[in-house]
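Okay, structure first, notes after.
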Amino acid sequence: MTETKIFETAAEANAFLDSLGGYVEPKAVTPLKGESAHEVAVGPVHAGVIEPGHFRFQCMGEDVYNLQIFLGYQHRGVEDAIAAADGNRSRQIALAETCAGDTSIAAATCFAEICETRDGKHPTDEDLRLRELLLELERVANHVGDLGALAGDVAFLPTASFCGRIRGEYLNMTALLCGNRFGRNAVVPGGMRVALTDEKKAKLAEWISRVRKDLDGALRLMFEEPTVLERLEGTGVVPKETAEEIGLVGVARRASAELQGDVLSRALVRRMEIDEAHARIASLLGDAASCRVTAITAPHTGDAASCRVTAITATHPGDAASSRVTTITAPHPGDAASCRVTTITATRHGDAASCRVTTIVVTVNAWRGPLVHAALFDPDGKLLRYKIVDPSAHNWQGLAYALRGEQISNFPICNKSFNLSYCGTDR
Amino acid sequence: MLKALFERLRQGFKTGAFPPAAPNLPPDFRGRPEIDSDITAEDVERAQSVCPVVGALSRDVEGAKLDMGRCIFCGRCAEVCGKIRFTKEYRLGVFRREDLVVKSGEHGYEPPKQTDPAALSLKRSLQLREVSAGGCAACELDANVLGTLAWDMGRFGIRFVASPRHADAIYVTGPVSKNMQLALDKTFAAAPEPKFLIAAGACAISGGLYERGNLPATPVLYIPGCPPHPATTLEALLRFTGSL
């Protein structure tokens, strides 16, 4: 499944980037009318220590007929700020890292790979190994935290308490490698600012094997507990066809494609990804020769459809006839290595030097799903536009769908099973 | 039930010894910066050229200044300029904005002590209402962490509460985006008197990498960092109420 888009002008390429979705102004709701119709409004300030967003539960009697989600409260102009900071890469990467705090490492990786593709300067295998290690730790930390929160929401406190603490252990492992619990300020274009020393490797391997036992114990309790399973199973179902139709990505897509698409499926997918990430970490910590860094950016499913942006082509602005498309790389299902960086350069008469507008699209397999960063450069290498598509942007509709026909009381577990990023969507 | 008990016994008691014991910080932790008194104008310029934040590092007749209220503690300036160092000092919380500015030649830092009787009266119970206002959620996540059993902030009587009506202080994170301005103002207004405002993270203090909206009041506690380490936050809250 390859999608190729050819644009005649930079304006069209821009319009396509716009169509990828993102910032939505909070706006008025369509009212629901009827005898048993009522609405429950929540937010933007929520009861927990979480990000702002406004939810409008439109109910018919006890059941939610429709959930309207209003975002945009977190909009602070990350993309424009990155474009405006052209020439100051330390500022640009710091801005990218603060697009969504829980996805800092994936975002920094995206930005770095765009610069590396642009400059033709690639990091060493050792640097890539550390980058991927951080990325997998980020994945585990977030999945562990979400599974704990899910247990907490169905009042199963042992796992909630254990996982809250264990998530912190993974953040501290990240801090061991680079000094920051969220992996900030470690990735830079062309490499890493810190080295993965043998001492750190040994310490991490020992630490992770110790914590892994606690984590397995905590998760086993939750997934063997009938009262937990009873609450999660069959709740918030997004069928496979619907998931495809509304274009879900990442964990949610996988839960619908491989399992039943309910809250339990999304929890199980996270547990599977925790196992996969640990296997990956073990091989990254192993012998250098036995490990090749490839999987960093492939969508976990090996399913091209779960990776939304495939190819964007910008051609010589204003002069369509003289430009010819040369390179289009699309993610290839199942082949991790081929789903890395997509560079599309339009050249004139096959002559690379005369190329005008270059669009570089990088997809990184972040913990929620494919995170896409795209940059539009002019012939002098000036950054014209920067675009970020968080996997959450595709999945909010899935959350709204999951709640249809459910009671409002099921919202917290549906929400936690997705755990979408407000700031990543709003940017 | 039995399985849960066995697992609890197997995992053991996991709440950290901090405080009063020193927190377990990572080896590459970057805390309060230090600037040598002989830093030159060229040194400052070189450091500024790699600084991601506008206005974090400056220089005037008194020497060089690093504003921890803007700094994201990336350490890039220290990488290019040997006159700037990031120490392991994690006690970064202060009660006045100007105390966040580190000047060249300052050594032997001692964090400020609380003297305000209104804050001291909250020593055994401090209820916070968190408002996330346009940030990246890292500050929120590391504030949440304090509620887990690893830090167990509740043992000091500090809690995040669900309503501003129950709060002694509003704890703001994020650069106060345009769309969150009204919600933040209303939340602060909804808290009963006497009330305090706490600004956590570079964004809430100064905007950090972004431009900040308006805070509804002058904060009485500033917790710098991007995001602040949980040890920094917990120590600052305890010192704010005079518990440390």
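The values are calculated or read from the model by the stated rules, or taken from the named source; none is laboratory data. Remember, it's a predicted structure, so these values are computed and weren't measured experimentally. Every residue, glycine as well, gets a Cβ built from its backbone with ideal geometry; the counts of neighbours run over all protein chains shown. With ligands, DNA and RNA removed, areas are computed over all heavy atoms of the protein, side chains included. Shrake-Rupley method; radii C 1.70, N 1.55, O 1.52, S 1.80 Å.
Take the range B:1-26 and flag every residue that is under 24 Å from A:Arg193 (Cβ atoms) and either assigned to a helix (DSSP H, G or I) or modelled with pLDDT of 90 or more (or both). Working first, answer last.
Looking only at the range B:1-26, we keep the residues that are under 24 Å from A:Arg193 (Cβ atoms), and these are B:23-26.
B:Pro23, B:Leu25, B:Pro26, listed by residue number.
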Of all residues in the range A:119-161, how many are buried (at least 19 other Cβ atoms within 10 Å of the Cβ) and in a helix (DSSP H, G or I)?
30
So which residues in the range A:1-59 are modelled with pLDDT of 85 or more and within 20 Å of A:Val389 (Cβ to Cβ)?
A:Glu51, A:Gly53
If I ask for residues that are of a type in the set (D, E, K, R) and surrounded by fewer than 24 Cβ atoms within 10 Å (Cβ to Cβ), which ones from the range A:166-188 would you list?
A:Glu169
Determine whether A:Gln58 is of a type in the set (S, T, N, Q), open to solvent by less than 10 Å² (accessible area, probe 1.4 Å) and away from chain B (no Cβ under 11 Å).
yes
Can you say whether A:Lys213 is away from chain B (no Cβ under 12 Å) and open to solvent by 30 Å² or more (accessible area, probe 1.4 Å), as far as the supplied structure shows?
no
Of the residues in the range B:211-227 that are in contact (Cβ under 8 Å) with a residue 60 or more places away in the chain and either within 11 Å of chain A (Cβ to nearest Cβ) or assigned to a helix (DSSP H, G or I) (or both), the one that is farthest from B:Arg159 (Cα to Cα) is B:Gly213
Out of (1) open to solvent by less than 60 Å² (accessible area, probe 1.4 Å); (2) of a type outside the set (D, E, K, R); (3) at pLDDT below 90, what's the single condition that is false for A:Gly191?
(3)
Positions within the range A:373-404 being touching a His at 6+ places or on another chain (Cβ under 7 Å) and free of Cβ contacts under 8 Å to residues at least 24 places away in the same chain, in sequence order:
none
Among the residues of the range A:94-102, is there at least one that is part of a loop (DSSP other than H, G, I, E, B), polar (S, T, N, Q) and buried (at least 24 other Cβ atoms within 10 Å of the Cβ)?
yes
Looking across the range A:390-427 at residues that are open to solvent by 10 Å² or more (accessible area, probe 1.4 Å) and among the charged types (D, E, K, R), the single one that is nearest to A:Leu71 (Cα to Cα) is A:Arg427
Within the set of pairs 6 or more residues apart or between chains, which connect a residue that is of a type in the set (A, V, I, L, M, F, W, C) inside the range B:19-32 to a residue that is open to solvent by 50 Å² or more (accessible area, probe 1.4 Å) with Cβ atoms less than 7 Å apart?
B:Leu25/B:Lys88; B:Phe29/B:Lys88
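Rundown of residues vs (1) at positive phi; (2) of a type in the set (S, T, N, Q), yes/no style:
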{"position": "B:Ser163", "(1), (2)": "no, yes"}
{"position": "B:Ala169", "(1), (2)": "no, no"}
{"position": "B:Gly174", "(1), (2)": "yes, no"}
{"position": "B:Met180", "(1), (2)": "no, no"}
{"position": "B:Lys186", "(1), (2)": "no, no"}
{"position": "B:Ala190", "(1), (2)": "no, no"}
Counting only residues in the range B:61-70 that are open to solvent by 10 Å² or more (accessible area, probe 1.4 Å) and in contact with a Leu (Cβ under 9 Å, 6 or more places away or on another chain), the one farthest from B:Ala199 (Cα to Cα) is identified as B:Lys65
The range B:39-61, residues that are within 22 Å of B:Glu89 (Cα to Cα) and more than 13 Å from every other protein chain (Cβ to nearest Cβ)
B:Ile39, B:Ser58
Please go through the range B:1-32 and pick out each residue that is crowded, with 18+ Cβ neighbours inside 10 Å and away from chain A (no Cβ under 14 Å).
B:Arg32
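Just name the residue that is most open to solvent (accessible area, probe 1.4 Å) out of those in the range A:256-287 that are assigned to a helix (DSSP H, G or I) and polar (S, T, N, Q).
Kept after step one, since they are assigned to a helix (DSSP H, G or I), are these residues of the range A:256-287: A:256-258, A:263-285.
If we keep only those that are polar (S, T, N, Q) too, we end up with A:256, A:265, A:283.
Numbers: A:Ser256: 4, A:Ser265: 2, A:Ser283: 41 Å².
So, considering only residues that are assigned to a helix (DSSP H, G or I) and polar (S, T, N, Q), the one most open to solvent (accessible area, probe 1.4 Å) is A:Ser283.
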